[in-house]
There are 4 protein chains.
Amino acid sequence: MNTFGRLFRVSVLGESHGQAVGVLIDGCPAGLPVSAGDLLPDLQRRMGGGAGTTARKEADAPLIKSGVFEGKTTGAPILVLFENNDIDSGAYEKMRDTPRPGHADFVARSKFGGFEDYRGGGHFSGRLTACVVAAGAIAKKIIKPVKIEARLVEAGGSNDIDAVVAAAMREGDSVGGIVECRASGLPVGLGEPFFDSAESLLAHVIFSIPAVKGVEFGAGFASARMRGSECNDEILDAAGRTRTNNAGGINGGLTNGNALVLRVAVKPASSISKGQKTVSMKSGKQAEITVEGRHDACIALRAPVVVEAAVALVLADLMMLEGKVPRVLGK
Amino acid sequence: MNTFGRLFRVSVLGESHGQAVGVLIDGCPAGLPVSAGDLLPDLQRRMGGGAGTTARKEADAPLIKSGVFEGKTTGAPILVLFENNDIDSGAYEKMRDTPRPGHADFVARSKFGGFEDYRGGGHFSGRLTACVVAAGAIAKKIIKPVKIEARLVEAGGSNDIDAVVAAAMREGDSVGGIVECRASGLPVGLGEPFFDSAESLLAHVIFSIPAVKGVEFGAGFASARMRGSECNDEILDAAGRTRTNNAGGINGGLTNGNALVLRVAVKPASSISKGQKTVSMKSGKQAEITVEGRHDACIALRAPVVVEAAVALVLADLMMLEGKVPRVLGK
Amino acid sequence: MNTFGRLFRVSVLGESHGQAVGVLIDGCPAGLPVSAGDLLPDLQRRMGGGAGTTARKEADAPLIKSGVFEGKTTGAPILVLFENNDIDSGAYEKMRDTPRPGHADFVARSKFGGFEDYRGGGHFSGRLTACVVAAGAIAKKIIKPVKIEARLVEAGGSNDIDAVVAAAMREGDSVGGIVECRASGLPVGLGEPFFDSAESLLAHVIFSIPAVKGVEFGAGFASARMRGSECNDEILDAAGRTRTNNAGGINGGLTNGNALVLRVAVKPASSISKGQKTVSMKSGKQAEITVEGRHDACIALRAPVVVEAAVALVLADLMMLEGKVPRVLGK
Amino acid sequence: MNTFGRLFRVSVLGESHGQAVGVLIDGCPAGLPVSAGDLLPDLQRRMGGGAGTTARKEADAPLIKSGVFEGKTTGAPILVLFENNDIDSGAYEKMRDTPRPGHADFVARSKFGGFEDYRGGGHFSGRLTACVVAAGAIAKKIIKPVKIEARLVEAGGSNDIDAVVAAAMREGDSVGGIVECRASGLPVGLGEPFFDSAESLLAHVIFSIPAVKGVEFGAGFASARMRGSECNDEILDAAGRTRTNNAGGINGGLTNGNALVLRVAVKPASSISKGQKTVSMKSGKQAEITVEGRHDACIALRAPVVVEAAVALVLADLMMLEGKVPRVLGK
């Protein structure tokens, strides 16, 4: 379903070209100062707006419809809505018969029997990540002073990200990228023994971000090529500090107090103006399409703040589970 | 917690050197033929027994304590227990003061206040994967004719796995590896739109397997280095067959009918007989340890059947959610 | 939390005197015709408006913000919002220091540290039942042709309900009542063996309706006074029809195909204009209050449609769990 | 499913005449002293053994298979098993064709397609309540010094319970009864605002106990006959103490610090040796049966400790949710 979390529970809703997208946050401690303005910095990071990000211009102005009273959370569910305004659905209706390669068009139609809102990707749109970012901004406040920072470390296989993106744009193409996220200041012991390991929960939320195709912690795939004597992190003191951090801050599924480090593979955006081959659902025959409309040449540019939010959601939930966050704050 | 699944729900329990480990399976359709013998082939694959796997010799004889009557599932919860017999805990008590690098020793002690059963890794032991494998064997029956096959494609960075493992053994060291898993015959549309994408659920369970540090689908991390025109899979027909499979069989979080393909990074086993530096929890001073006891030089050798089981658990749940499996079978 | 259901999952939100109340419905099958107009008949039944119900006049106009496209559900989450307009919070601020007997004032303040939105009962207001009714109206469509009907069978201990309510109004007092609900056309076998018995789930949702203090099925409390020979329902045919229905349509926690019958005890509204004794939180001294504002003399008058909705939510979830409702309708 | 609880999560399993029944408890804090002996006093209360309770003599010796190490809980899941020994299934196979009135026979067969273990009620047996009692005994330890006490206040409509039960036994019949349960020493604010009100959760678990047909809190059904001025409990002091307790210790779904009071209607046992009419499933014709085997003339005699356990499970979960119980005890 569209819900995640055990104590800090987040549900997303809405469609790209419908009336609104939004997020319902249940379980937020009471007494936390929250305003729409608090959410804007992260929302603006997500909007991108530079070279390589879509020309769609949504104000992304969050409307807090419930759960906040006199500037503080009440303990009741918080609904944050984003009205959709800058909608241009024409291009999508035209493409209805020819599912875009790499997109959810084909699977959504099959799963929901053609009743899905297909415009702009509908409920499968990357626009839903605004909801995750809004919830993440609240989660970040809860887990203070834990600090989360993600950045794009590579695009199209290169560190010269600007050049790679510019080249893709020129050719009507797109590129993927790798986001690295670090969280510091974590307590030891977050995560649950078996199915709810910290890695499990983090990967769960991160893989729900559209276009994510890989997640690794610490040395990750590189650790599969290591010897144990090389991969094991030497323990330096009784607080558990380690000399290296191949574990990415997690042992046995639990945080070990060192920095949490993870990397996320973001595939290139599927929507490109270059011609692509697909099939006509009606005729069953091959067809060639070019995806019009406004697209990102590199969605990975906008992904770091979404990854941060995903990490914050999980950490808020785990810290509440571990009793590290009181149910009433600021007393 | 130690539970996963919405309709097909699996809970693991037990400790490596306690009385037993086991798995409780709730939501299994009634009428499915299940016997202890049915579980043995996969359990034996997990036991390994060749070069590079531990010398611990548990019969791993599954005892079905409930939920099966006259050879068929009843619809009530199924408890499968494995009694522990071949236990040798001496080595662990000696190491109590010096947490092993790369192990859960330090974090478990911190999280559970020293009350955890530390012997043989306790509840954090790889032995718990026998429970996953047993549940997976039942899940595989449910999702027939879907077929899941995993294999170790690389160890220590090499295809010559035997040689790599032998070298590590000689040196009292260990190596990691990469497991690739493919599932074919899947219906289109498994997975839920946002937080319960097929990738999210699969990664969730797979990251609960001890030693897993990375998961990728289809082209995975390589797709982050591709162009969209290269990464998008051309759609060949109205059934959604694609020419390439960079998506690994999943678009928009939903299965697309092509083969599901994922790769799992397994780090080298932490327990090695080579000397390692750690700390004494009592004195706070540096200490050197060598881990005695019976260990795997390459746990990745035993991982493929565990990954298959993890995938089977998710697919069974998703197929039941999608109404692809009746609640009473064989009528 | 504020969420109920496993496959058909309903989350309520909002405050009586905040911006809005609303309900998020996840898991609704795709292809179901739903419009705001479809929700109005039940919403109007809830509003009451006759003698004995509050003079607060909210239009209760449901705004469907997501999950419906071209008049049909899409399979994505449905958000229904009710904006609050006719708000008069003056009376509540005055009473902040003196918790009203029988109300959530005292407990909410204690639980949420004084951060709760106390105006008009805030998130604890009976206004939240509009959300349940809206979700119930959709659930009723899903479970067709199952039919649910509830009515007030008694108020203040009498069948002459009009007279009882009028007398209470005259005296600035309130009365409770008993609602009986019947559902017919149910399949056999709804409910899960142990913790999710049909009775458990129904009682769970019904007891979340404000002012409910008792729930019984079939002969209920009267069955505690019966002999087994009298209470057991004779089985008439192989379809399970019974001569009597002391079981209220449920055996062993599962529906038995006979009419589901339950009764709900609704206490009198706590808000009365008669003087009542309470305490001043500041001084700790006794205080006398009269609750001004607009109140129901008999909230039980408005309860039947809420009970119907609660029953519908549970039945929709159970029918989906049992595979009686496809995930895509109307194909 | 067979699981209840969010942080303190209990799953029951097993069949009356299978190998075992049992309970898996996840989320129990580490460091709690628990032994099999600790569970015996409550288990013995459940066994009854006096006049009016079944002659089946199970030792009900709990086997703790996991989660306890050196006499204390470890934080890992606790499995408690009860092996079945004193089994006599002959009577049940004979009745397979003629479902017993008032029993789960008919519905279980319908739901599980005839694959259910029908012997002795199988998974629907009252024997499963031993599992609830065992988990409840552990929950009671967690919530100390909260005290829970239930007793049978009425059987067959009379206070002279011995006489009523004796009369029913003489006639091969059974009687129902009413159990009252009180819990004192509760903190203010347990329960969640809407769907997880304290009443909702308590009723949920209590209605999962076989034979329960009604639950009421405080004045319960009597409050439906009261005026508000009579029903509202006057608040005496800033700690929320009230003069009367018509609310049964719960306002707005949250505990108010006064004694929690609830009453449970237990119907008469369905199994009676008196002749009853039912139907032959094969022929569809009427049949008369007398239920042989060992039965309770008054199962309500054994219910109080089960109700206590149900209440304890909910309170443990709610106190953990509210942060009133640390995740590691006794440090």
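What is the distance in Å between the Cα centres of segment B:304-331 and segment D:27-46?
36
Beta carbons within 10 angstrom, averaged per residue: use that to sort the peptides A:197-209, C:156-168, highest first. Kindly include the intermediate steps, with their values, before the conclusion.
Values: A:197-209: 27.5, C:156-168: 17.1.
My ranking of the peptides, most packed first, is A:197-209, C:156-168.
Whole Å is fine, so just give me how far the alpha carbon centre of segment A:146-166 lies from that of segment A:251-297.
Centre-to-centre distance over Cα atoms comes out at 17 Å.
Under the definition of Cα pairs under 8 Å and six or more residues apart, what whole-number percent is the relative contact order of chain A? Could the numbers behind the result be given before it?
Values: 709 pairs, mean separation 82.0, N = 331.
Computed over chain A, the figure is 25 percent.
What's the average, rounded to a whole number, of partner chain beta-carbon atoms within 10 Å of each residue's beta-carbon in A:133-140?
On the way: counts 0, 0, 0, 0, 0, 0, 0, 0.
The shielding value for this peptide is 0.
Just to confirm a number: summing +1 for Lys and Arg and -1 for Asp and Glu over residues other than A:VAL325 whose beta-carbon lies under 12 angstrom from that of A:VAL325, what do you get? Mind dumping the intermediate values first?
Values: positive: A:LYS141, A:LYS144, A:LYS324, A:ARG327; negative: A:ASP317, A:GLU322.
Taking every Cβ under 12 Å from that of A:VAL325, the sum is +2.
What is the mean number of Cβ atoms from other protein chains located within 10 Å of the Cβ atom of each residue in peptide B:237-243, rounded to a whole number?
Numbers: counts 5, 9, 4, 7, 1, 5, 2.
Mean shielding count: 5.
For segment D:174-189, in order, what is each residue's ³J(HN,Hα) by Karplus, 6.51 cos²θ - 1.76 cosθ + 1.60 with θ = phi - 60°, in whole Hz (x at glycine and Pro)?
9, 9, x, x, 10, 9, 10, 10, 10, 10, 10, x, 7, x, 6, x
Using modelled amide H (1.01 Å from N, peptide plane; none on Pro or chain starts), what sits under 5 Å from the amide H of C:ALA20, excluding residues fewer than 5 places away?
C:GLU15, C:ASN84
Tell me, what HN-Hα J-couplings in whole Hz come from the Karplus equation 6.51 cos²θ - 1.76 cosθ + 1.60 at θ = phi - 60° for each residue of segment B:127-137, using x for Gly and Pro?
4, 4, 5, 4, 5, 5, 5, 5, 5, x, 5
Cα axis of helix C:303-321 to longest principal axis of chain C: angle in degrees, 0 to 90, nearest 10?
Approximately 40 degrees, to the nearest ten.
Within 10 Å of each Cβ in D:38-44, how many Cβ atoms from other chains are there, averaged over the peptide?
Partner-chain Cβ atoms within 10 Å, mean over residues of D:38-44: 0.
With a 10 Å cut-off between alpha carbons and a GNM built on chain B, which of B:LYS277, B:LYS267, B:LYS285 moves the most?
In the Gaussian network model the winner is B:LYS285.
Between segment A:64-127 and segment C:189-219, how far is it from one alpha carbon centroid to the other, in angstrom?
So the separation of the two Cα centres works out to 35 Å.
Distances from A:ASP97 to the same position in the other copies: list them in nm, one decimal, shortest first, using label points 7 Å from Cα along Cα→Cβ.
6.4, 7.5, 8.0
How far is A:PRO326 from the same spot in each other copy, in nm, shortest first, if each label point sits 7 Å from Cα toward Cβ?
Spacings between copies for this position, smallest first, are 1.6, 5.5, 5.7 nm.
Label position 7 Å from Cα toward Cβ: report the copy-to-copy distances for A:LEU236 in nm, one decimal, ordered from shortest.
5.5, 6.0, 8.1
If you build the Cα gyration tensor of segment B:3-321 and take the root of 5 times each eigenvalue, what three semi-axes come out, in whole angstrom, biggest first? Could the numbers behind the result be given before it?
Details: eigenvalues 233, 133, 59 Å².
Listed largest to smallest, the semi-axes of segment B:3-321 are 34, 26, 17 Å.
Using only Cα atoms, figure out Rg for segment B:184-295 and give it as a multiple of 2.2 N^0.38 Å. Show your work: numbers first, answer last.
Working: Rg = 20.8 Å, N = 112, 2.2 N^0.38 = 13.2 Å.
That works out to 1.57 for segment B:184-295.
So what are segment C:1-143's ellipsoid semi-axes, whole angstrom, largest first, if each one is the square root of 5 times an eigenvalue of the alpha-carbon gyration tensor?
Details: eigenvalues 180, 60, 29 Å².
Semi-axes, largest first: 30, 17, 12 Å.
Just to check I understand the Karplus step: with θ = phi - 60° and J = 6.51 cos²θ - 1.76 cosθ + 1.60, what whole-Hz values come out for segment D:146-155, glycine and proline as x?
4, 10, 10, 9, 10, 8, 7, 9, 6, 9
What would the Debye formula give as log10 I(q)/I(0) at q = 0.05, 0.06, 0.08, 0.09 Å⁻¹ for the alpha-carbon point model of the protein assembly as shown, no solvent?
The Debye formula, applied to the Cα set alone, gives -0.34, -0.50, -0.92, -1.18.
How would you rank B:310-316, C:256-262, B:299-305, highest first, on the average number of other Cβ atoms within 10 Å across their residues?
Numbers: B:310-316: 29.3, C:256-262: 24.3, B:299-305: 26.1.
Those peptides, ordered most packed to least, come out B:310-316, B:299-305, C:256-262.
If the cut-off is a Cα-Cα distance under 20 Å, which lysines reach A:LYS147, setting aside same-chain residues fewer than 8 apart in sequence?
The qualifying lysines are A:LYS324.
Can you spot the lysines whose alpha carbon is less than 21 Å from D:LYS277's alpha carbon? Ignore those fewer than 8 places along the same chain.
The qualifying lysines are D:LYS94, D:LYS267, D:LYS285.
Since every read-out is calculated from the coordinates, none of them should be taken as a lab result. All values derive from a computational prediction rather than experimental measurement. We place every Cβ from the backbone using ideal geometry, glycine too, and count neighbours over all the protein chains shown.
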